[in-house]
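**Q** Questions regarding the structure given below will be posed in turn.
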Amino acid sequence: MHIIEDGNAAAALGVKLCRANVIAAYPITPQTPLTEKLSEYVELGEMKAEYIPVESEHSAMAVCIAASSTGARAFTATSANGLLYMHEQIQWAAGARLPIVMCVVNRAVGAPWNVWNDQQDSISQRDTGWIQMYCADHQQIIDSVIKAFWLAEKVSIPIMVCYDGYLLSHTFMPFDLPDQEKVDAFLPPFKPEYALNPDEPASLNTVTLPDVRIDVHGELAHGYMEIRYLLQEELRTSLAVAAAAEKRFAEIFGRGGDPYIEPYRCDDADYVAVGLGSLTYQLRVSVDALRKEDIKVGVMGIRFYRPFPDEAIANALKGKKGVIVFEKALSYGYEGALASDLKSALYEHLAGTGHLPLVQNFIAGIGGREIRTDDLTQTLRAATQSRIAKEPTWIGLKL
Amino acid sequence: MQAKTTILSLPTEEFVHPGTRACTGCGLAIAYRVGLKALGKNTILVVPPSCLTVLQGLFPVASTKLPCLNVTFASTAAAATGILATLKSQGKTNIQVAAWAGDGGTSDIGLQALSGAAERGDNFIYLCYDNEGYMNTGVQRSGTTPLGAITANTPFKGKLQQKKDVPAIMAAHHLSYVATCSAAYPLDLYDKIIRCKDMPGAKYFHIHIPCPPGWGYDPRYGIKVGRLAVETGYYDLYEIVNGEFKLTAASEKLVEKRKLVPVREYFRAQSRFKILTDEQIADIQNQIDAKWAAYYKKDEQQ
């Protein structure tokens, strides 16, 4: 059924369809309409879940961690400083291998205070051991939430479903609302390997030594390093599981594509713009405009940022003359984090092949600064003509 | 009124294995052992980093025979909420959730989450074991370290501020049950846990825990030091049931006796108070006497 709703409603509907058992949330703009909607579903009895109005984001994730450890499908959502306030808990959820799903409605972080969109919040959580998915429209939001629960529970790794504040969260768009029966067929009830219960007592997340240690049965138990190594390994192999999720989703719902990247007019392109989220759809307009000028450009959205689909990206960009990375966040003191990751992937897979593209990095839309499509087109045109003077270059800066 | 439990009627089933990593003479080891007997088998525990994390053992060994979720320092009560919500969604209504946190984890870094869970009326028992400092990290001051106590970060002047009154803060949340206890009176702790188990919402326990390395006394004197705190009227055992305050156990008896041991004896039994001057002790004695005069007056009015 096609409906017209805002992006937050798309996320809320996805969570409802997934039959989350426990939802904990603390209000922060622009996430609030999403969690308000969930509280509405629960109060009206449209959704059978426990909705916990916690006193902080740190506690929101604490509730999710404990709920997931006790066998619940747990969900929360946040933005900006709320996400940063959770940071300790985010690391904990990944280390404890809990399949929590969280929507991050992307917003700039303070200081100074700013409530508008950029992606500094979720990018700054890149190294926490979570899977990060980025959405470019409302269909992707609702579909990603559904895929995220399935994937998280398969690999026992938590997932952030990220989408741009206001640009997606507060704009209305038509999208297909999946049938409940199909979602139930796609996503079976959550059955963890172990859930806290007095009949099988276990102590979770106890102090773990640097080295391995013999347990009471004489078996060698992991040390901290082994546990952390497995998180890394299983994050890497979750890329293949994500492909399986995409395939399964396509079979049941009849839509899907490449699980990792979303290329647009890239096949014959000499230059490819790369980015995360709604900006990549805006870039399609610039690409179409430049194609009329016979400039061979394309754009590629990255749907999976962690684990980084380095091989898929390198294959897609092999032999291109240039890669132009647009980012709404950066690793302060260097450049855009995505640009660094891309360079690393390209070097890893293409160095010495003679097909290594030149990478240029642009920063745009920080703190919600308007990104004009004309500016994107101009930037893209210029980047295909000559190398930019300064890495990274900020677009629309008024200094 | 339930019958008082004696050492003979205390259940023999143990939920703490022998040979924990607690220090010799640790007051927490006593309170935890007896407290778990009262909570019983059908319990899920929540523990933040604290001395108890050490007592619990190192992976893959656990000293407690109950399921336990170790959580981050500031999130204890919120984690209890998450377990409760899940049990509710699973239709399991007979499992007790109990959080055990230290005084730093309660009065300082964990206070926000505790206040949130208490305000929401989440149905669990929160037990703060108060050894009056960050003992696990090497005896630094906490919100509940008493005035005058030397700690690793109040090394010469001692703590210059009063102890934070956490039970009063919790009572202000309109809880069905708030109690103070002491490791020196473990059976009182047992009886109080049993009494409140079926009461609604969050139940708060504040347990005074003598700590040999943190307080500076020979480990064999832990019970004596703990009792002195009560017998001097310095630390009071009471219950607040649905808003009604009542002295209990040994403190209740002190009202009948109308006689307190001088607080000097409590201070002089520990090296952490060695810099307290006679004038300071006299001042504290005056405060205790005034507090107890009010208790006596209330007793006479009843």
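**Q** Can you pull out every residue in the stretch B:51-96 that is buried (at least 24 other Cβ atoms within 10 Å of the Cβ) and assigned to a loop (DSSP other than H, G, I, E, B)?
**A** B:Gln56, B:Pro67, B:Val71 - these are the residues of the stretch B:51-96 that are buried (at least 24 other Cβ atoms within 10 Å of the Cβ) and assigned to a loop (DSSP other than H, G, I, E, B).
**Q** Is it true that some residue in the stretch A:192-202 is in a helix (DSSP H, G or I) and either within 19 Å of A:Ile23 (Cα to Cα) or acidic (Asp, Glu) (or both)?
**A** Residues of the stretch A:192-202 in a helix (DSSP H, G or I): none.
No: zero hits.
**Q** Quick test for you: out of A:Gln91, A:Gln132, pick the one residue that is within 14 Å of chain B (Cβ to nearest Cβ), not small (Gly, Ala, Ser) and not in a loop (DSSP other than H, G, I, E, B). Lay out the reasoning, then the answer.
**A** Numbers: A:Gln132 fails: within 14 Å of chain B (Cβ to nearest Cβ).
Every option except A:Gln91 fails the conditions.
**Q** Looking at the structure I just gave you, is A:Asp164 surrounded by fewer than 14 Cβ atoms within 10 Å (Cβ to Cβ) and either more than 22 Å from B:Leu69 (Cβ to Cβ) or in contact (Cβ under 8 Å) with a residue 60 or more places away in the chain (or both)?
**A** no
**Q** A further question on this structure: With more than 14 Å from chain B (Cβ to nearest Cβ) and surrounded by fewer than 22 Cβ atoms within 10 Å (Cβ to Cβ) as the only criterion, which of A:Lys48, A:Lys37 stands out?
**A** Matching residue, one of A:Lys48, A:Lys37: A:Lys37.
**Q** Is there a residue being acidic (Asp, Glu), modelled with pLDDT of 95 or more and out of contact with any helix residue (DSSP H, G or I) (no Cβ under 7 Å at 6 or more places or on another chain) anywhere in the stretch B:171-190? Quick ask: steps written out before the conclusion?
**A** Kept after step one, since they are acidic (Asp, Glu), are these residues of the stretch B:171-190: B:188.
Right, trim to modelled with pLDDT of 95 or more and you get B:188.
Now restrict to residues that are out of contact with any helix residue (DSSP H, G or I) (no Cβ under 7 Å at 6 or more places or on another chain): none.
Among the residues of the stretch B:171-190, not one is acidic (Asp, Glu), modelled with pLDDT of 95 or more and out of contact with any helix residue (DSSP H, G or I) (no Cβ under 7 Å at 6 or more places or on another chain), which makes the answer no.
**Q** Check A:Asp137 against each of (1) within 26 Å of A:Ile252 (Cα to Cα); (2) in contact with a strand residue (DSSP E or B) (Cβ under 7 Å, 6 or more places away or on another chain); (3) crowded, with 24+ Cβ neighbours inside 10 Å and name the one condition it does not meet.
**A** Condition not satisfied by A:Asp137: (3).
**Q** Please go through the stretch B:75-98 and pick out each residue that is β-branched (Val, Ile, Thr) and either more than 7 Å from chain A (Cβ to nearest Cβ) or within 28 Å of A:Asp215 (Cβ to Cβ) (or both). Break it down into steps so the answer makes sense when it comes.
**A** Taking the stretch B:75-98 and keeping what is β-branched (Val, Ile, Thr), we get B:76, B:81, B:83, B:86, B:93, B:95, B:97.
Correct list: B:Thr76, B:Ile83, B:Thr86, B:Thr93, B:Ile95, B:Val97.
**Q** Continuing with the same structure: Taking A:Leu356, is it assigned to a loop (DSSP other than H, G, I, E, B), more than 18 Å from the chain's Cα centre (by Cα) and of a type in the set (A, V, I, L, M)? Spell out the reasoning first.
**A** Numbers: assigned to a loop (DSSP other than H, G, I, E, B): yes; more than 18 Å from the chain's Cα centre (by Cα): yes; of a type in the set (A, V, I, L, M): yes.
Here the answer is yes, as A:Leu356 does meet what is asked.
**Q** So how many residues does the stretch A:196-212 have that are touching a Gly at 6+ places or on another chain (Cβ under 7 Å) and within 8 Å of chain B (Cβ to nearest Cβ)? Spell out how you get there, then give the answer.
**A** Pass one, the stretch A:196-212, residues touching a Gly at 6+ places or on another chain (Cβ under 7 Å): A:206, A:208-212.
Checking which are within 8 Å of chain B (Cβ to nearest Cβ) leaves us with A:206, A:208-209.
The total comes to 3.
**Q** With B:Thr72, B:Thr20, B:Thr24 as the choices, which residue is closer than 19 Å to A:Asn205 by Cβ and away from chain A (no Cβ under 12 Å)?
**A** Details: B:Thr72 fails: away from chain A (no Cβ under 12 Å); B:Thr24 fails: closer than 19 Å to A:Asn205 by Cβ.
Only one candidate qualifies: B:Thr20.
**Q** Among A:Gly218, A:Gly257, which is the only one that is loosely packed, with under 15 Cβ neighbours inside 10 Å, free of Cβ contacts under 8 Å to residues at least 24 places away in the same chain and under 30 Å from A:Phe362 (Cα atoms)?
**A** On the way: A:Gly218 fails: under 30 Å from A:Phe362 (Cα atoms).
Result: A:Gly257 is the single residue among A:Gly218, A:Gly257 that is loosely packed, with under 15 Cβ neighbours inside 10 Å, free of Cβ contacts under 8 Å to residues at least 24 places away in the same chain and under 30 Å from A:Phe362 (Cα atoms).
**Q** Among the residues of the stretch B:40-50, write down those that are touching a helix residue (DSSP H, G or I) at 6+ places or on another chain (Cβ under 8 Å) and either assigned to a loop (DSSP other than H, G, I, E, B) or surrounded by fewer than 24 Cβ atoms within 10 Å (Cβ to Cβ) (or both).
**A** Selection gives B:Thr43, B:Pro48, B:Pro49, B:Ser50.
**Q** Where residues in the stretch A:94-122 are away from every other protein chain (no Cβ under 14 Å) and small (Gly, Ala, Ser), which of them is farthest from the chain's Cα centre (by Cα)?
**A** Checked the stretch A:94-122; the qualifying residue farthest from the chain's Cα centre (by Cα) is A:Ala111.
**Q** Residues that are farther than 28 Å from B:Gln285 by Cβ: list the helices (runs of 4 or more DSSP H) wholly contained in the stretch B:149-242 that include at least 3 such residues. First the steps, then the outcome.
**A** Details: elements: B:166-171, B:186-196, B:212-215, B:222-231.
So the answer is B:186-196.
**Q** Going residue by residue through the stretch A:97-112, is there one that turns out to be among the polar types (S, T, N, Q), farther than 21 Å from A:Glu55 by Cβ, in contact (Cβ under 8 Å) with a residue 60 or more places away in the chain and surrounded by fewer than 23 Cβ atoms within 10 Å (Cβ to Cβ)?
**A** Kept after step one, since they are among the polar types (S, T, N, Q), are these residues of the stretch A:97-112: A:106.
Next, from what is left, pick out any that are farther than 21 Å from A:Glu55 by Cβ: A:106.
Now restrict to residues that are in contact (Cβ under 8 Å) with a residue 60 or more places away in the chain: A:106.
Filter once more, keeping what is surrounded by fewer than 23 Cβ atoms within 10 Å (Cβ to Cβ): none.
No: zero hits.
**Q** For the stretch B:41-52, does any single residue satisfy the condition of being within 9 Å of chain A (Cβ to nearest Cβ), closer than 20 Å to B:Cys211 by Cα and within 19 Å of the chain's Cα centre (by Cα)? Give the derivation first.
**A** Going through the stretch B:41-52, the residues within 9 Å of chain A (Cβ to nearest Cβ) turn out to be B:41-47, B:49.
Those still in the list that are closer than 20 Å to B:Cys211 by Cα too: B:47, B:49.
Now restrict to residues that are within 19 Å of the chain's Cα centre (by Cα): B:47, B:49.
Yes: one or more hits.
**Q** Considering each residue of the stretch A:70-89, count those that are β-branched (Val, Ile, Thr) and surrounded by fewer than 23 Cβ atoms within 10 Å (Cβ to Cβ), and give that number. Spell out the reasoning first.
**A** Going residue by residue through the stretch A:70-89, those that are β-branched (Val, Ile, Thr) are A:70, A:76, A:78.
Filter once more, keeping what is surrounded by fewer than 23 Cβ atoms within 10 Å (Cβ to Cβ): none.
Result for the stretch A:70-89: 0.
The values are calculated or read from the model by the stated rules, or taken from the named source; none is laboratory data. These numbers come from a predicted model, not from an experiment. Cβ: placed from backbone, ideal geometry, glycine included. Neighbour counts: every protein chain shown.
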